[in-house]
Amino acid sequence: MKFGKRLKQQVQETLPDWRDKFLSYKELKKLVRLISSAPPFLHGSSEYGKSEAEFVRLLNCEIDKFNAFFMEQEEDFIIRHEELKQRIQKVIDAWGPSASQPSEAEYKEEMGKIRKDIVNFHGEMVLLENYSNINYTGLAKILKKYDKRTGGLLRLAFIQKVLEQPFFISDLVSKLVKQCENMIDAVFPVEEEEKGKEGRETITVAGEGIFRNTIAALMTMKEIRRGSSTYSHFSLPPLNLPDSDLIPSFQLNSPISIVR
């Protein structure tokens, strides 16, 4: 699948509020086509220089858009992560085994609500990691296309700049994802005999929501980061997902209902 189609599909499958935050790949591609179709005698002229400057300006605007959105989401995730930890502790203190008035029924009910919120929260963070990956990949591809068609040398310097941008440096989000997974393992342990059943129920219950979006994002991340004939040092490293029977058994061909 060509990147433009993959990006369009990913935009359709993400959260509604995120859809205008992705790379304007189609518009940039049109501009590259327009610049590269200029007659050879115009190369090096002031008009040609203005066209290239406009292309760079638009790329910088895209990066500013990515950074603003990514940092806003990061800040929100930090707050929500702390709130979830506080909610868990509050339930433990109120109805846990060591509480003054323990209640197994209240404890399970409240923890069930928190568990659902944690799964949704984890899914949103995975979507943001995918947002970083796919926009970086789009920038690298459009710059490669520009250099190839115009004979320019923008890609190397521009990608070096991108590698220093907040939207690309997603270490904090990756750390929060791991902490979220550890939280689920610590607070909501699953017995071995229940794992198969729980996996099937997860698809049934959450298949119409953010779980489905997250699976789609993970598959996209794996696809755009796999090795190919066009793989280069500008490409993201391959993504090694843990073996799971959820992803191959999950059907993504049917219409996706996006919820938040």
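For A53 and A68, compute 0.36 nm times the residue count separating them, minus their Cα-Cα distance, and round to one decimal in nm.
3.1 nm
Please compute the net charge surrounding P102, taking Lys and Arg as +1 and Asp and Glu as -1 over other residues with Cβ under 15 Å from its Cβ.
Local charge sum for P102: -3.
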Checklist entry - Counting only heavy atoms of protein chains, what accessible area per residue, in Å², does the range 1-138 have with a probe of 1.4 Å? => result 55 Å²
Checklist entry - Protein chains only, probe 1.4 Å: how do S103, S37 rank by accessible area, largest first? => result S37, S103
Next on the checklist: Using a Förster radius of 22 Å, what is the FRET efficiency between N182 and S103 based on their Cβ-Cβ separation? Nearest 0.05, please.
Outcome noted: 0.25
Checklist entry - Which lysines does K8 reach when only Cα atoms under 28 Å apart count, and residues fewer than 8 places away in its own chain are ignored? => result K21, K26, K29, K30, K65, K141, K144, K145, K148, K161, K222
Next on the checklist: For K113, give me every one of the lysines with a C-alpha distance below 25 angstrom, ignoring sequence neighbours fewer than eight places off in its own chain.
Outcome noted: K85, K90, K175, K178, K195, K197
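The values are calculated or read from the model by the stated rules, or taken from the named source; none is laboratory data. Given the structure is predicted, the values throughout are model-derived calculations rather than measurements. Cβ sites come from the backbone with ideal geometry, for glycine too, and all protein chains shown count toward neighbours. The accessibility values were calculated without ligands, DNA or RNA, using every heavy atom of the protein model including side chains. Shrake-Rupley method; radii C 1.70, N 1.55, O 1.52, S 1.80 Å.
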